[in-house]
Amino acid sequence: MSNLKYMLAALAMAALTSVSLAPAPVWAQDEPAAEAVDDAADAAGAAVEEAGDAVEATAEAAADAVTADTAPAEATAADTTPPNDEIGYIFTTFMFLVAGFLVMWMAAGFTMLEAGLVRQKNTTMQLMKNIALFSIAGVMYYLIGYNLMYPGDGWSIPGWLGAFTITSLEPVGLADTETDLTYASVGADFFFQLFFCATTASIVSGTLAERIKLWPFLIFTVILTGLIYPIQASWKWGGGFLAAEGGFIDATFGAPFQDFAGSTVVHSVGGWAALAGALILGPRIGKYRDGGIFPMPGANLPLATLGTFILWLGWFGFNGGSQLYMDTAANVADISRVMVNTNTAAAGGAIAALFLTQIMYRKPDLTMVLNGALAGLVAITAEPLYPSLTGALLIGAIGGVIVVFAVPFLDKLKIDDVVGAIPVHLCAGIWGTLAVCLTNPNSTFIGQLVSVIIVGVFVFVVSFVVWLILKAVMGIRVSEEEEILGLDVAELGMEAYPEFSKG
């Protein structure tokens, strides 16, 4: 009906227009005809006005309907859009989880590397130690380690010793009640940091391979992951005296200790603990005899190479996640920079070892190249953000050079390191920590050096004492017969490659 009304109004408007604009014919110039035309025009105008009122009313009603439909939707969208703090909280938490996956996968890298660099008869033992130490680290970091490392306001001795309390997570339904969204989920942070703790024990495992008993090693792992690692890590990452503004290092040397992702806090710690164990345990039978050094090559270089690539991959999470925030464009850009520098340093370490072994031995040494890449990764870990790509390449390359010279140096001292973990993690870790002052303006060489010494003395002395106690109480080394037979059979009764067994 309304449509018909509008059509009639339009026709009337057209008629009115034609009447008003067209010249009147001669026959219509008389007065009665003119009056008739005027009457028709008045009627048409009234119809048009009525139609216009109807159209206006309809438009207003439609606008009201549209407003009524869309206003609730707009309000709902505004209510559900997360504030900036919540968005940052979400992305940083997600970053910790993804980086944690990568660092966890490094456990597989250490396992494959060690399984490839030991002799066939000791392979299963390395597999057992790595799965066991990883699990022990998970439990000890929950029971003691995390709050020792991050005590907040609960220091037992301020700046030196954290809190001896069990880790607790946020309550279920945090999103409904949480008001402090300035960082990340406690669960995500714990998840990420846990795998750093496990890494230190993996370093020790490789050095002491082929002659250490299983249970003394696992007991040492309990102490390392539950006490030694978290206590010294709290001095740096927990806001202790090495890192605090106005703390000992800052007040004495003009800048706090800098260690971005753990060249010292993680890698050198594992190296110091491994060195203490190697000195007490002694070398493998036949390694150093008649005044010579006799190589004992690993059984599976493909596995060792696979392990190196897995570690290389995991290091992107190790260093990238240590940016700690992914809440702004600047932080995301910095994470990208960290990852690129990490990769470049690894490449520099591998290439340096490749060329140097060619020069020194007239043939490149694969195991040195693998460890050169790892040394480059360890070296850049102390500061992967500030260096340019050229700087990262040089830092990594020097790490590779250090490994090539440190391995034979340890042999001359008759310190038997089966996989080269001490040169990679301790020596390259010290170099990387000292190199921080070359690129990071918020550091000093003497401050870095003193911090390295403090951490090194603490870890080495405590580890040495623990190894001595274990040796006195239960013995830490297998018998000569068991070592010759192989730890797979002697300690576990299970071989990794049974098809190669005799009989």
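Among the residues of region 304-330, those that are of a type in the set (S, T, N, Q) and crowded, with 17+ Cβ neighbours inside 10 Å comprise Thr305, Thr308, Asn319, Ser322, Gln323. Would a scan of region 337-355 turn up a residue that is of a type in the set (Val, Ile, Thr) and over 30 Å from Phe191 (Cα atoms)? Among the residues of region 337-355, at least one is of a type in the set (Val, Ile, Thr) and over 30 Å from Phe191 (Cα atoms), which makes the answer yes. Taking every residue in region 402-418 that is in the same structural domain as Thr357 (by TED's automatic domain parsing) and over 16 Å from Leu208 (Cβ atoms) and pairing it with any residue that is of a type in the set (S, T, N, Q) and modelled with pLDDT of 95 or more, at least 6 positions away or on another chain, the pairs with Cβ-Cβ distances below 9 Å are Val403/Asn371; Val404/Thr357; Val404/Asn371; Val407/Thr367; Val407/Asn371. Would you confirm whether any residue within region 275-292 is surrounded by 23 or more Cβ atoms within 10 Å (Cβ to Cβ), modelled with pLDDT of 95 or more and farther than 26 Å from Leu449 by Cβ? The answer is no; no qualifying residue exists.
Annotation note: of Ile446, Ile380, the sole residue that is of a type in the set (Val, Ile, Thr) and buried (at least 24 other Cβ atoms within 10 Å of the Cβ) is Ile380. Quick check on region 440-455. Is at least one of its residues assigned to a helix (DSSP H, G or I), assigned by TED's automatic domain parsing to the domain that holds Arg119, under 18 Å from Ala375 (Cα atoms) and in contact with a helix residue (DSSP H, G or I) (Cβ under 6 Å, 6 or more places away or on another chain)? Checking region 440-455: at least one residue is assigned to a helix (DSSP H, G or I), assigned by TED's automatic domain parsing to the domain that holds Arg119, under 18 Å from Ala375 (Cα atoms) and in contact with a helix residue (DSSP H, G or I) (Cβ under 6 Å, 6 or more places away or on another chain). The numbered conditions (1) more than 21 Å from the chain's Cα centre (by Cα); (2) in contact (Cβ under 8 Å) with a residue 12 or more places away in the chain; (3) farther than 15 Å from Glu210 by Cβ are all true for Gly292 except (2).
Any chance region 419-429 includes a residue that's at pLDDT 95 or above, touching a helix residue (DSSP H, G or I) at 6+ places or on another chain (Cβ under 6 Å), surrounded by fewer than 24 Cβ atoms within 10 Å (Cβ to Cβ) and over 20 Å from Lys287 (Cα atoms)? No, because not a single residue in region 419-429 is at pLDDT 95 or above, touching a helix residue (DSSP H, G or I) at 6+ places or on another chain (Cβ under 6 Å), surrounded by fewer than 24 Cβ atoms within 10 Å (Cβ to Cβ) and over 20 Å from Lys287 (Cα atoms). Checking Leu434, Leu394, Leu385 one by one, the residue that is closer than 27 Å to Ala255 by Cβ, among the aliphatic types (A, V, I, L, M), assigned to a loop (DSSP other than H, G, I, E, B) and touching a helix residue (DSSP H, G or I) at 6+ places or on another chain (Cβ under 8 Å) is Leu385 and no other.
Do we have any residue at all in region 261-270 that's in contact with a Ser or Thr (Cβ under 7 Å, 6 or more places away or on another chain) and at positive phi? Yes, because at least one residue in region 261-270 is in contact with a Ser or Thr (Cβ under 7 Å, 6 or more places away or on another chain) and at positive phi.
The values are calculated or read from the model by the stated rules, or taken from the named source; none is laboratory data. As the structure is a computational prediction, the values presented were derived from the model and not from experiment. FYI the Cβ positions are ideal-geometry reconstructions off the backbone, even for glycines, and counts take in every protein chain you see.
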